[in-house]
Amino acid sequence: MQQLWFAGPLASFDTETTGVDVETDRIVSAALVVQLAPDAAPRAQTWLADPGVPIPDGARAVHGITDERVRAHGHPPRTVVARIAEALVEQARAGTPLVVMNAPYDLTLLDRELRRHRDVTLAQCLGQAPLLILDPRVLDKHVDRYRKGRRTLTDLCAHYGVELAGAHDAAADATAAMGLVRTLAARYPGALGALSPAELHLRQRVWHAAQARGLQNWFDRSGADERVDLSWPLRPARCLCGRRLSPEHRCEAAA
């Protein structure tokens with residue numbers, strides 16, 4: 001009998017950062033966790049970066065990483081983002097599905113850091129080996145659309161009975177997110193488990209867009225000015241004028 005994908009190798013990626021703006025904030029720490037089977041010990045690669053900017057009090061209160069720590073033990077961001085990209089490329093080439101909780105945040109921020117420090121995009125690093133992303137936030141919203149309450153990593157772990165030891169540590173969060181995906185696929189074999197990671201990657205684009213449109217409609221009805229990006233798993237880069245970058249676009253703001 002062929003092994004179900006969620007009983008086999010998975011990788012998981014997470015970051016801790018200076019804030020929540022993917023266009024301007026910086027990576028402070030990151031982790032890539034690989035687990036060959038649900039009962040196998042996870043192996044973690046971790047990175048600590050000196051972002052080159054002060055870590056705001058709000059971010060430090062979340063992940064506990066101080067300016068003094070990154071200055072003493074962190075590596076230059078140019079080095080860190082290159083090593084992260086190399087590790088993700090290795091998983092992509094191996095065909096290992098990559099779990100990323102709220103993928104448009106972590107992957108977009110990594111892409112912008114690569115552009116900032118290496119003058120290269122995440123897609124260019126990956127080349128012909130695209131990532132197969134599994135986003136527990138999107139998967140959970142698809143299979144349990146009308147459940148009330150928040151859907152943070154902590155909330156989802158509590159709801160599905162997945163251990164989260166040391167929240168807001170990149171390795172701990174990545175490990176818990178991987179456990180969530182295994183649990184979700186096992187609990188919903190028809191909707192998730194029976195599909196291949198490649199099929200799930202494609203469908204999550206559609207599911208996320210529908211979920212984002214629903215959230216945008218809610219914001220519009222409530223009179224909020226929030227704008228929701230439909231893109232998944234990576235938000236497109238935007239020009240100085242706010243429009244998405246494309247070969248055809250010529251920006252007057254940058255002239």
Open item on the list: Based on alpha-carbon centroids, what's the gap between the stretch 111-138 and the stretch 169-188 in Å, whole number please?
Closed with: 21
Open item on the list: Given Cβ point charges of +1 (Lys, Arg) and -1 (Asp, Glu) and nothing else, what value in debye, to the nearest 20, does the dipole of the chain about its Cα centre take?
Closed with: 600
TODO: Using a 1.4 Å probe and counting only protein heavy atoms, arrange THR96, THR152 so the residue with the most accessible area comes first.
DONE: THR152, THR96
TODO: In debye, nearest 20, what is the charge dipole magnitude of the stretch 56-203 about its Cα centre with +1 on Lys and Arg Cβ and -1 on Asp and Glu Cβ, if you could check?
DONE: 320
- [ ] Give, in nm to one decimal, the length gained when the segment between PHE219 and GLU23 is fully stretched (0.36 nm per residue of separation minus the Cα-Cα distance).
- [x] 68.3 nm
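Which FRET efficiency, nearest 0.05, do ARG43 and HIS75 yield, Cβ-Cβ r, R0 22 Å?
E between ARG43 and HIS75, to the nearest 0.05, is 0.65.
Is it possible to state the helix-based mean residue ellipticity at 222 nm for the chain, with each DSSP H run of 4+ residues giving -39500 (n - 2.57), the sum divided by total residues, to the nearest 500 deg cm²/dmol? What is it? Kindly include the intermediate steps, with their values, before the conclusion.
Numbers: 9 runs with 113 residues, N = 255.
Counting only the DSSP helices, I get -14000 deg cm²/dmol.
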Task: For the stretch 1-106: rounded, prolate or oblate by the Cα gyration tensor [a/c cutoff 1.5] - done: prolate
Task: Span from the the stretch 59-102 Cα centroid across to the the stretch 1-47 one, whole angstrom - done: 10
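Rank by packing, highest mean first: peptides 9-15, 114-120, 217-223, 204-210, with packing defined as the count of other Cβ atoms within 10 Å averaged across residues.
9-15, 204-210, 114-120, 217-223
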Task: Lys/Arg +1, Asp/Glu -1 at C-beta; the chain dipole; positive extreme among VAL81, THR15, GLY95 - done: GLY95
TODO: Using the charge dipole of the chain (Lys, Arg: +1 at Cβ; Asp, Glu: -1 at Cβ; taken about the Cα centre), state which of PRO54, LEU164, ALA237 has its Cα farthest towards the positive end.
DONE: ALA237
Open item on the list: Under the rule a/c < 1.5 gives rounded, and otherwise a/b versus b/c splits prolate from oblate, where does the chain land using the Cα gyration tensor?
Closed with: rounded
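Quick check on the stretch 36-157: take the gyration tensor over C-alpha atoms, sort the square-rooted eigenvalues as a ≥ b ≥ c, and tell me if it's rounded (a/c under 1.5), prolate or oblate.
Oblate, because a/c is 1.5 or more while a/b does not exceed b/c.
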- [ ] For the stretch 74-146, give the magnitude of the charge dipole about the Cα centre (Cβ charges: +1 Lys/Arg, -1 Asp/Glu; no others), in debye to the nearest 20.
- [x] 180
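The values are calculated or read from the model by the stated rules, or taken from the named source; none is laboratory data. Small disclaimer: the values here were computed from a predicted structure and weren't measured. All Cβ positions, glycine included, derive from the backbone under ideal geometry; neighbour counts span all protein chains shown. These accessible areas exclude ligands, DNA and RNA; they are computed on the full protein's heavy atoms, side chains included. Shrake-Rupley method; radii C 1.70, N 1.55, O 1.52, S 1.80 Å.
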